[in-house]
């Protein structure tokens with residue numbers, strides 16, 4: 001269970017509960033409303049995660065220049081937002097995974113070209129399963 005903190009922005013006070021700080025963007029409840037929070041890059045780079053969970057897990061095949069975008073948790077693929085041959089940018093949503101009745105939007109943490117898509121909408125995936133390969 002996460003802590004609820006009060007945050008003041010421009011004189012307005014909000015109750016914020018961070019649901020998952022290890023995803024991009026961060027998932028939080030702000031006054032009870034689910035929101036995605038994007039931190040400034042300088043803040044993200046200086047922060048140290050207190051958990052070992054990383055979303056998404058990225059494996060790099062040395063010598064090939066390929067990056068494997070792996071499932072961060074078991075779930076069902078709800079949508080795929082890229083196609084083979086597409087160029088992707090850092091922070092671009094590439095697919096949506098439903099896990100424990102919650103939608104997890106998965107974002108690319110690197111730029112490149114989609115080389116292979118190993119999933120289809122409706123597929124059940126396991127933690128660590130390679131979903132998309134980007135070069």
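The values are calculated or read from the model by the stated rules, or taken from the named source; none is laboratory data. In this text the structure is predicted, and so the values were computed from the model without any measurement. Because the Cβ atoms are built from the backbone with ideal geometry, glycine has one as well, and the counts that use them run over all protein chains shown.
Mind checking whether some residue in region 12-22 is at pLDDT 65 or above, surrounded by fewer than 12 Cβ atoms within 10 Å (Cβ to Cβ) and farther than 25 Å from residue 99 by Cα?
Yes, that holds for at least one residue.
Answer yes or no as to whether residue 25 is touching a strand residue (DSSP E or B) at 6+ places or on another chain (Cβ under 9 Å) and at pLDDT below 65.
Values: touching a strand residue (DSSP E or B) at 6+ places or on another chain (Cβ under 9 Å): yes; at pLDDT below 65: no.
Spelling it out, it is not the case that residue 25 is touching a strand residue (DSSP E or B) at 6+ places or on another chain (Cβ under 9 Å) and at pLDDT below 65.
Filter region 100-135 down to residues that are within 18 Å of residue 79 (Cβ to Cβ), part of a loop (DSSP other than H, G, I, E, B) and touching a strand residue (DSSP E or B) at 6+ places or on another chain (Cβ under 6 Å), then give me how many there are.
Of the residues in that region, 5 qualify.
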